[in-house]
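The structure under discussion appears below in the form of structure tokens.
The values are calculated or read from the model by the stated rules, or taken from the named source; none is laboratory data. Source: prediction; values computed, not measured. Note that each Cβ is placed from the backbone with ideal geometry, even for glycine, and that neighbours are counted across all protein chains shown. Heavy atoms of the whole protein, side chains included, go into the accessibility calculation; ligands, DNA and RNA do not. Shrake-Rupley method; radii C 1.70, N 1.55, O 1.52, S 1.80 Å.
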Amino acid sequence: MTQAALITGITGQDGAYLAQLLLNKGYAVSGLLPRRSSDTLWRLRELRIEGDVNLIDGDVADLSAVLRGIRESKAAEVYNLAAQSFVGTSWQQPLLTAQVSGVGAANVLEAIRLTDPAIRFYQASTSEMFGLIQAERQDETTPFYPRSPYGVAKLYAHWMTINYRESFNLHASTGILFNHESPLRGIEFVTRKVTDGVARIKLGLQKELRLGNIDARRDWGFAGDYVDAMWRMLQQEKGDDYVVATGHTTTVREMCRIAFSHVGLSYEDHVVIDPKFFRPAEVDVLLGNPAKAERLLGWTATTSLEQLISMMVDADMRRAREGRPQA
Ligand code: NAP
Ligand code: G4F
């Protein structure tokens, strides 16, 4: 029998790659689609899977819509990727972020409990929960210290997932994913902002790139690799918590150097530091230890930062040459 899955956040970076992965495995894939006035399907189109997924109107902040989505999709696996996921915005919209990125997960867990507790659940937890880091390399045992309203909201969702696993014996897993990027990354995140800027500068469409704290360090991997870890978690006998990361950390400055040098430019000639992009509280450094995921899931990151950034710059060069709007 065909296995069915429901993805909340299917129009996002990870949602699109996960939908593609599940379709390739023969799943019937549904996605919850919140009402928007503008087109949000561009990623599904880029992967050429727009017509292959079943989109069900619904917002994770609305329990009744989530219940309907789970029933209509007949999902045996539910991946909760929906979020207000941009850290910077979470200071401007802290309560919306709490409703979507925090309570949204509780709605999905409740909907599963009420519909069929045998449904397997994945929660998109995040390294942002480590915030002010309490260990040099962060793993599943490292204490959390979130530094943004987004991180706080995600921590609530994380603990609710663990609580529902322990209280109701749900097959519920959390993936504590470190930053992962791709050509489908939203333009507001720093890697994509940089690769899009590099392409536009190279083609003479813009002169400078304004950034904030370029001394921050992140453990960056490729989103295409990371969605595979999500699927692997739901194939285990029991739900659990896993750190998913590369085990390498790099400054934003070095990432800029890699991106600009890919097209023969020097970042020092174009990057301008703008205080507008500094955050009220910063996560200075993240560095994950993915040993548990490697051992139990057989998962490993396969894409280097150089390969990832080259792939992103090349995609943005193509988009800029074709005059396609910045997705
Ligand atoms: P993303 O590109 O921002 O995608 C977020 C998705 O959530 C979009 O499809 C968005 O739809 C949807 N969404 C927003 N509000 C919603 C609502 N109220 N109801 C239903 N859907 C809603 O994020 P991503 O990079 O793919 O990340 C996927 C998940 O992993 C997120 O939960 C994120 O917080 C988490 N995460 C990401 C990373 C990373 O580095 N990428 C790392 C750790 C954890 P619209 O586009 O229509 O708003
Ligand atoms: O790309 P960023 O916006 O990603 P951030 O804040 O690390 O969050 C991402 O990763 C999390 C996992 O750790 C996810 F949970 C979350 O949903 C999201 O996907 O910023 C990365 C770093 C920060 O230190 C930021 O201050 O880059 C620094 N930065 C410097 N200049 C900038 C800029 N970030 C952005 N977005 N724009 C800048 O101009």
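The residues neighbouring Leu41, those whose beta-carbon lies less than 13 Å from its own, together hold a net charge of 0 under the Lys/Arg +1, Asp/Glu -1 convention. Once the Cα atoms are used to define both axes, helix 223-234 deviates from the longest principal axis of the chain by about 20 degrees. The fraction of accessible area contributed by carbon and sulfur in segment 250-320 is 52 percent, rounded to a whole number (1.4 Å probe; ligands and nucleic acids excluded). Once the chain from Gln3 to Lys74 is taken as fully extended at 0.36 nm per residue, the excess over their C-alpha distance is 24.7 nm.
These residues, Tyr27, Tyr79, go from largest to smallest accessible area, 1.4 Å probe, as Tyr27, Tyr79.
In the complete set of protein chains, residue-level accessible area for Asp240 is approximately 50 Å², probe 1.4 angstrom.
Rank Gln99, Gln307, Gln138 by mean-square fluctuation in a GNM of the chain with C-alpha springs under 10 angstrom and give only the top-ranked residue. Judging by the Gaussian network model, the answer is Gln307. Taking Arg192, Arg36, Arg68 in turn, the Gaussian network model of the chain (Cα-Cα springs below 10 Å) assigns the largest fluctuation to Arg36. Distance between the pseudo-spin-label points of Glu188 and Asn54 (7 Å out from Cα toward the beta carbon): 3.2 nm. With all protein chains in place and a 1.4 Å probe, the accessible surface of segment 83-204 carries 52 percent carbon and sulfur. Within the same chain, lysines fewer than 8 places from Lys25 are excluded, and of the rest, those with a Cα less than 26 Å from its Cα are Lys74, Lys238, Lys292.
Per-residue packing, averaged as other Cβ atoms within 10 Å, sorts the ranges 5-12, 71-78 into the order 5-12, 71-78, beginning with the highest. A straight chain from Glu306 to Asp39 at 0.36 nm per residue would run longer than the Cα-Cα distance by 93.0 nm. With respect to the chain, whose longest principal axis is taken over its alpha-carbon atoms, helix 63-73 is tilted by about 80°. Computed from Cα positions, the angle between helix 305-321 and the longest principal axis of the chain comes to roughly 80 degrees. For the chain, the solvent-accessible area of protein heavy atoms averages 43 Å² per residue (probe radius 1.4 Å; ligands and nucleic acids excluded). In the context of the full protein assembly, Leu63 retains an accessible surface of approximately 60 Å², using a probe radius of 1.4 Å and ignoring ligands and nucleic acids. Counted by Cβ distance under 13 Å from Val194, the other residues give a net charge of +3, where Lys and Arg count +1 and Asp and Glu count -1.
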